[in-house]
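Peer 1: One structure, pasted below without further comment.
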Amino acid sequence: EKGGFPSFMEKEIFDQPAAVADTLLGRSDADGRLTLDELRIDAEELTKISKIVVLACGTSAYAGSVAKYAIESWCRIPVEVELSHEFRYREPIVDENTLIVSISQSGETMDTLMAVRYAKEQGAKTMSICNTNGSTIPRESDAVLYTHAGPEIAVASTKAFLAQITATYLLGLYLAQLRGNLFQGQIKDILADLGKIPSKIQDILDRSDEIKELARSMADASSVLFLGRHVGYPVAMEGALKLKEIAYIHAEGFAAGELKHGPIALIDDGQPVFVVVPSPRGRDSLHSKVVSNIQEVRARGAKTLVIAEDGDDSVKDFSEWVFYVPETPTLLMPLLATVPLQIFACELASAKGFDVDQPRNLAKSVTVE
Ligand code: M6R
């Protein structure tokens with residue numbers, strides 16, 4: 001069942017072109033008109049929404065953080081992302097104009113289920129982005145948008161994450177279409193860019209040996225840091241989580257702008273730091289700020305490991321190692337930049353002899369509070 005791969009996790013990393021393609025499949029027509037009939041929330045009701053609150057845990061919450069950048073940019077609706085277990089224990093302000101979007105691979109995460117129930121009691125509309133047909137969270141929600149990643153067996157989430165991000169993009173574009181925030185031509189162009197993502201992921205997978213070699217050389221690392229800005233920030237958080245979960249290495253993700261507010265004190269000679277660099281074709285200030293961050297940590301002795309876009313020559317001089325991902329619009333970049341970090345964690349954990357599919361102390365679905 002592992003399709004010739006040594007672990008489910010590695011197989012699932014390699015399933016990602018299909019996970020993204022299948023999640024996009026059949027959800028728009030040739031003119032780029034989205035038809036999310038399965039949603040079951042009235043189009044008119046959706047146009048009245050004044051706020052979106054994303055509720056999720058772990059990797060699924062990082063998918064929500066990526067969604068915040070895209071949905072706010074495309075739809076101009078404020079999006080809050082909150083861990084389900086934090087949301088439940090304060091007094092959150094939600095009403096009938098709030099759309100709750102829960103994200104859960106399993107659809108059984110108890111904290112997320114309880115948070116959705118609570119929001120529903122307060123009168124909010126609830127939508128579930130879920131990978132498991134007929135599971136509890138979609139059954140209890142007003143609407144559901146299924147991700148089509150296929151069953152995810154490894155405890156560490158990989159293909160479900162990319163499928164979740166894809167689904168939130170579809171939701172954002174659908175809301176922009178309903179509310180008239182984007183022209184139909186713009187939506188069509190973004191869908192065309194999304195359609196190219198599966199083959200770009202494949203391109204990264206075809207070069208996985210470059211990443212695996214680095215991972216094996218770092219099997220003795222005791223701490224790895226991850227930096228990102230904008231959509232690169234949740235990617236950094238996810239890269240760190242993967243490493244903690246399966247390789248049991250201390251890892252932390254930071255917003256690159258926070259460095260000087262504390263974390264830079266951690267940097268000394270040889271400290272490995274992954275940096276997710278945004279496209280140089282995007283907002284210029286974003287790219288140049290991240291390049292300065294690479295220089296700052298390097299000047300303090302860090303071993304800089306950089307994920308950058310094809311053709312970005314500005315990072316070479318400051319990096320011990322660079323992995324190039326294909327060009328794509330900045331908002332879609334997490335679908336590519338995450339992949340090398342998944343491969344890195346999987347290979348490093350395997351090199352240490354750990355069972356990457358069944359990491360210690362963790363369960364695939366957390367059905368207790
Ligand atoms: O099934 P869910 O998406 O609700 O699960 C949420 C988290 O438990 C899950 O993403 C967890 O963080 C994974 N082990 C991450 O790899």
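FYI, it's all coordinate maths here, none of it is from the lab. What you see is a predicted model; the values in this text were computed from it and never measured. In this analysis, Cβ positions are derived from the backbone assuming ideal geometry, glycine residues included, and neighbour counts consider all displayed protein chains.
Peer 1: So, by mean Cβ neighbours within 10 angstrom, what's the order for 11-20, 295-304 with the highest one leading? Working shown, then result.
Peer 2: Working: 11-20: 23.3, 295-304: 17.1.
Taking the mean over residues of other Cβ atoms within 10 Å, the ranking is 11-20, 295-304.
Peer 1: Pop a pseudo-label 7 angstrom from the Cα along the beta-carbon direction at both Gln122 and Asp317 and give the gap in nm to one decimal.
Peer 2: 5.1
Peer 1: Taking N as the number of residues in the range 233-362, what is its alpha-carbon radius of gyration divided by 2.2 N^0.38 Å? It would help to have the intermediate numbers written out before the result.
Peer 2: On the way: Rg = 14.7 Å, N = 130, 2.2 N^0.38 = 14.0 Å.
Its radius of gyration relative to the 2.2 N^0.38 Å reference: 1.05.
Peer 1: Based on the mean of other Cβ atoms within 10 Å per residue, sort peptides 248-259, 281-292, 163-174, 120-131 so the most packed one is first. Kindly include the intermediate steps, with their values, before the conclusion.
Peer 2: Working: 248-259: 18.9, 281-292: 15.9, 163-174: 26.6, 120-131: 21.8.
So the order, starting with the most tightly packed, is 163-174, 120-131, 248-259, 281-292.
Peer 1: For a paramagnetic label modelled at 7 Å from the Cα of Asp189 toward its Cβ, which residues of the range 13-38 fall within the zone defined by backbone nitrogen distances under 20 Å?
Peer 2: 28-34
Peer 1: Once the Cβ-Cβ distance between Thr367 and Asp203 is put in as r, and R0 is 30 Å, what FRET efficiency do you end up with, to the nearest 0.05?
Peer 2: Numbers: r = 38 Å, r/R0 = 1.25.
Step by step, r from the Cβ atoms, then E = 0.20.
Peer 1: Near Lys316, which aspartates and glutamates are there with a Cα under 15 Å away, not counting those fewer than 8 places off in the same chain?
Peer 2: Qualifying aspartates and glutamates at Cα under 15 Å: Glu296.
Peer 1: Given a cut-off of under 8 Å on Cα pairs at least six residues apart, what relative contact order in percent is computed for the chain?
Peer 2: 19
Peer 1: Beyond a 31 Å Cα-Cα separation, which of these cross-linked pairs lie in this structure: Lys159/Lys188; Lys2/Lys289; Lys196/Lys303; Lys200/Lys242; Lys68/Lys242?
Peer 2: Numbers: Lys159/Lys188 25 Å; Lys2/Lys289 42 Å; Lys196/Lys303 33 Å; Lys200/Lys242 22 Å; Lys68/Lys242 21 Å.
Cα-Cα > 31 Å for Lys2/Lys289; Lys196/Lys303; rest within.
Peer 1: Shifting gears a bit: Given N residues in the chain, what is Rg(Cα) / (2.2 N^0.38 Å)? Don't skip to the end; give the middle numbers.
Peer 2: Details: Rg = 19.8 Å, N = 369, 2.2 N^0.38 = 20.8 Å.
Compared with the compact-globule rule of thumb, the chain sits at 0.95.
Peer 1: Where does each of 189-200, 58-69 land if you order them by average Cβ count within 10 Å, highest first?
Peer 2: My ranking of the peptides, most packed first, is 58-69, 189-200.
Peer 1: Using alpha carbon coordinates only, what is the Rg to Rh ratio of the range 1-76, with Rh defined as the Kirkwood radius?
Peer 2: On the way: Rg = 16.7 Å, Rh = 15.7 Å.
Across the range 1-76, the Cα-based Rg/Rh ratio is 1.06.
Peer 1: Along the range 229-244, what does the Karplus equation 6.51 cos²θ - 1.76 cosθ + 1.60 (θ = phi - 60°) give for ³J(HN,Hα), rounded to whole Hz, x for Gly and Pro?
Peer 2: Rounded to whole hertz, the list is 10, 6, 5, x, 5, x, 5, 4, 4, 5, x, 5, 4, 4, 5, 4.
Peer 1: For each of His230, His261, count neighbouring Cβ atoms within 10 Å of the residue's Cβ, then give the residues from fewest to most. All intermediate terms of the calculation are to be shown ahead of the outcome.
Peer 2: Numbers: His230 24, His261 10.
Fewest to most other Cβ atoms nearby, the residues stand as His261, His230.
Peer 1: So if I place +1 on the C-beta of Lys and Arg and -1 on the C-beta of Asp and Glu, and nothing else carries charge, what would the dipole magnitude of the chain be about its Cα centre? I want it in debye, nearest 20. Please report the intermediate quantities before stating the final value.
Peer 2: Working: 37 positive and 52 negative charges, 74 e Å.
Result for the chain is approximately 360 debye, rounded to the nearest 20.
Peer 1: Here is a follow-up. Might you report the magnitude of the Cβ-based charge dipole of the range 1-57 about its Cα centre, with Lys and Arg at +1 and Asp and Glu at -1, to the nearest 20 debye? Please list the in-between numbers first.
Peer 2: Numbers: 7 positive and 12 negative charges, 44 e Å.
Here the range 1-57 has a charge dipole of around 220 debye.
Peer 1: Just check the range 77-202 against the gyration tensor rule for me: Cα atoms, a ≥ b ≥ c as the square roots of the eigenvalues, rounded for a/c under 1.5, and otherwise prolate or oblate depending on whether a/b exceeds b/c. Walk me through the intermediate numbers first.
Peer 2: On the way: a/c = 2.25, a/b = 1.24, b/c = 1.82.
Oblate, since a/c reaches 1.5 and b/c is not below a/b.
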